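Each remark here refers to the structure printed beneath this line.
The values are calculated or read from the model by the stated rules, or taken from the named source; none is laboratory data. What you see is a predicted model; the values in this text were computed from it and never measured. Here Cβ is always computed from backbone atoms with ideal geometry, including for glycine, and neighbour counts include all displayed protein chains.
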Amino acid sequence: MAAPRFWREAPSRYNLVATRCGNCGSVSFPPRSFCPKCHRKSVGRMERFRLAGKGSVYTYSVVHEVPSELDMQKPYVIAMIEMDEGAKLTAQVIDVDPKDVHIGMRVRATLRRLGDEGPDGIIHYGYKFVPILN
Amino acid sequence: MDVGIVSYGAYVPRYRIRPQEIGKVWGADGDAMGRGLYITQKSVPAPDEDVVTISVEAARNMLLRKPIDPECINALYVGSESHPYAVKPTGTIVAAAIEAVPDLTVADFEFACKAGTAAIQVCMGMVGAGLARYGVAIGADTSQGAPGDPLEYSASAGGAAYLIGTEDIIATINRTMSFTTDTPDFWRREGRSYPSHGGRFTGGPAYFKHVTSCANMLMEAMGTIPEDYDHAVFHQPNGKFPTRMAKMLGFSNGQVETGLLTPFIGNTYSGAVPLGLAAVLDIAKPGDRIFVIAYGSGAGSDGFDITVTDAMDSFDRDAAPKVRDLMERTKEIDYATYAKFRGKILMKEVSI
C-alpha cells in the first residue's frame, strides 16, 4: 500500500473515526460521504465522530494459513466486531488464546502494528482488539 | 507556580520469559543468572508491539485517568532507545493516535535508560515557561539483548506516559537536577542490532557514581535526608543495583519495594523509572514524598523530588490499569517463541 493512501486512512485506523447519518442515525465505519440507506437525503448531513472503541465479537475465525506478513502471529483470530455504536468492522483479536475467543466476548480497540512495506518501507499501525479485562 | 504530574498511564506487554529458559539454550545456569541479577522473569513484546504501540497504550491510559482535551497538549516527547524508525518520529504517530495533532511540538529523545525522565524535564520547562499548557513525556522501550549476552536475561519491554502541567496537579515536582558525564559504559552503534557494554564497568564508575552523585546533589539542594521520603525509585537495570544503591544512600527496603519492578518484568530501559514511579503513584497518598533517580548509560542521572497533593484523593486512578494489574496479566513463553517474537530467527522474507 502506498504511503499516501495509508496516511489518508490514519484517522480511522488510529482512532476509529466513523460517520453518523444526520437523517437516520445509522453509523458507518470506515467513514462514508453518503449514508447507504438514505442516499441523497444524507448529503451534507454525515457527521464524523470517534467510536468509543468498545464492542463485542459478532463472529470470528481462527486463521492457520496466513499471509506471509502474519507468519509470526499464526494462528490468529480474525473477527467481526460489533461496536457499541452499532457499526461492524473486521479486525484481529489479540492478547488471547484463540480457544478462549467466543461470540459475544467483550473487546476494546488498541493500536498495534498491522504490517510494513519491507525493511525500507513505512510501518502500518492500526486497530486490533483485546479482551476487556474485569 | 507549581509544575507537576497531572496524570499518568502505564503499559507492559503480557508475554514473559524466565531466566532458566534462556540459560537452558545457552548452556548457562539460568537459576544462578536470575539470582545474580534478582530477576525472576522479564516482559517480551508481541510481534505486533513496538515503542509506538506501547507509548500509545500508556498515553491513552494517561488520558483515561484525566480526560483533558488532547488539543491542549502542546508538547510531546518520547524517550526510547528502540524507536521503530531511525528517521521518522515515534512522537508524531503517538500524537496522532491521541488526537493531539497539529498544534504541538514533538521530538524523540534518546539517552539510554533515562530518555523518559529527560522528556519529563523538558515538559517541565515548556509548561513552566508558559510555552505549553500540557506536555506529555513518555519513556518506553523494547530493549535489545544479544543472544547469550547477560543483557538477554534482563532487556524487556514496557513504558509509561506522564501528563505534565500546572493545573490539577496530583504530584508536584519540587525540584529536578541532573548529573552527567561522558562515560562509555553501554552503547549501540548506528545500524547495529544489539548494544555492547563494558561488563563490570557499568557498575562502579557508571551506575553507582551517577546515581549517588545525583541523589546527594538533590538531597543537599532540598535539605532532605532519606527518612524524609515515603518512597524512592531508582533506575533498575536489574534487581540488585537499585537495592544496593538504596542501602548505600540510607534508604530502607520498604521505601523502594513499591517502585522496584525489574525482578518481575525485567529492565524496561527508558520505561524503567517511569513505570516504577507509576507503581508508586498507584498507591500514594496526599502528602507522600517521592525520591526518584533515573540513570542512562553514556552517562547521566536525572533526579526528582516529588510531593503528592490533595488532588490525588479525587483523581480517578481506577480509570486505567495499575502497574500491578499489568504485571499480573501474563503469558509465559519458551525461548523458541521468544526468538521468533524478537526477530532472532532468520526468515525467508522480512515480516513483522
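Let's see how each residue does on (1) within 14 Å of chain A (Cβ to nearest Cβ); (2) of a type in the set (A, V, I, L, M, F, W, C); (3) in a helix (DSSP H, G or I):
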residue	(1), (2), (3)
B:MET248	no, yes, yes
B:ALA279	no, yes, yes
B:ALA284	no, yes, no
B:SER301	no, no, no
B:LYS348	yes, no, no
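In region B:26-77, what count of residues is obtained for those that are within 14 Å of chain A (Cβ to nearest Cβ), closer than 23 Å to B:ASN238 by Cα and among the aliphatic types (A, V, I, L, M)?
Within region B:26-77, residues that are within 14 Å of chain A (Cβ to nearest Cβ), closer than 23 Å to B:ASN238 by Cα and among the aliphatic types (A, V, I, L, M) number 5.
Among what's in region A:1-25 and is surrounded by fewer than 19 Cβ atoms within 10 Å (Cβ to Cβ) and more than 13 Å from chain B (Cβ to nearest Cβ), pick the residue that is modelled with the lowest pLDDT.
A:MET1
Quick one: is B:GLU220 acidic (Asp, Glu) and loosely packed, with under 15 Cβ neighbours inside 10 Å? Walk me through it before giving the result.
On the way: acidic (Asp, Glu): yes; loosely packed, with under 15 Cβ neighbours inside 10 Å: yes.
Yes, satisfied.
Out of all the residues in region A:48-74, which are of a type in the set (D, E, K, R) and surrounded by 12 or more Cβ atoms within 10 Å (Cβ to Cβ)? Steps first, please.
Our first condition is that a residue be of a type in the set (D, E, K, R); within region A:48-74, this holds for A:48, A:50, A:54, A:65, A:69, A:71, A:74.
Across region A:48-74, the qualifying residues are A:ARG50, A:LYS54, A:GLU69, A:ASP71, A:LYS74.
Consider region B:187-213. How many of its residues are touching an Asp or Glu at 6+ places or on another chain (Cβ under 6 Å) and surrounded by fewer than 15 Cβ atoms within 10 Å (Cβ to Cβ)? Working first, answer last.
Initial filter on region B:187-213 (touching an Asp or Glu at 6+ places or on another chain (Cβ under 6 Å)): B:198, B:201-202, B:206.
Still in the list and also surrounded by fewer than 15 Cβ atoms within 10 Å (Cβ to Cβ): B:201.
So the count comes out to 1.
Name, by its number, the condition in (1) surrounded by fewer than 23 Cβ atoms within 10 Å (Cβ to Cβ); (2) under 20 Å from the mean Cα position of the chain (by Cα); (3) at pLDDT 95 or above that does not hold for B:GLN144.
So the condition that B:GLN144 fails would be (3).
Taking region A:80-134 on its own, how many of its residues are assigned to a loop (DSSP other than H, G, I, E, B), among the hydrophobic types (A, V, I, L, M, F, W, C) and at the interface with another protein chain (Cβ under 10 Å from one of its Cβ atoms)?
Going through region A:80-134 one residue at a time, the tally reaches 4.
Given (1) within 18 Å of B:SER156 (Cβ to Cβ); (2) in a helix (DSSP H, G or I), identify the lone condition not met by B:ALA32.
Checking B:ALA32 against (1) within 18 Å of B:SER156 (Cβ to Cβ); (2) in a helix (DSSP H, G or I), the one that fails is (1).
Could you count how many residues in region B:84-116 are part of a helix (DSSP H, G or I) and either of a type in the set (Ser, Thr, Tyr) or touching a Gly at 6+ places or on another chain (Cβ under 6 Å) (or both)?
Our first condition is that a residue be part of a helix (DSSP H, G or I); within region B:84-116, this holds for B:90-97, B:115-116.
Narrowing the set further to residues that are either of a type in the set (Ser, Thr, Tyr) or touching a Gly at 6+ places or on another chain (Cβ under 6 Å) (or both) leaves B:90, B:92, B:115-116.
Result for region B:84-116: 4.
Filter region B:45-89 for residues that are without any contact (Cβ under 8 Å) to a residue 40 or more places away in the chain, more than 25 Å from B:MET312 (Cβ to Cβ) and not aromatic (Phe, Trp, Tyr) and give the result.
Of everything in region B:45-89, those that are without any contact (Cβ under 8 Å) to a residue 40 or more places away in the chain, more than 25 Å from B:MET312 (Cβ to Cβ) and not aromatic (Phe, Trp, Tyr) turn out to be B:THR53, B:GLU71, B:HIS83, B:PRO84, B:VAL87, B:LYS88, B:PRO89.
Among the candidates B:ALA206, B:ALA171, single out the residue that is within 20 Å of the chain's Cα centre (by Cα), over 26 Å from B:VAL127 (Cα atoms) and of a type in the set (Gly, Ala, Ser).
Numbers: B:ALA171 fails: over 26 Å from B:VAL127 (Cα atoms).
Just a single option satisfies the conditions, and that option is B:ALA206.
So if I check each of A:SER68, A:SER28, which one is more than 23 Å from B:ALA59 (Cβ to Cβ) and within 14 Å of another protein chain (Cβ to nearest Cβ)?
Details: A:SER28 fails: within 14 Å of another protein chain (Cβ to nearest Cβ).
That would be A:SER68, the only listed residue that is more than 23 Å from B:ALA59 (Cβ to Cβ) and within 14 Å of another protein chain (Cβ to nearest Cβ).
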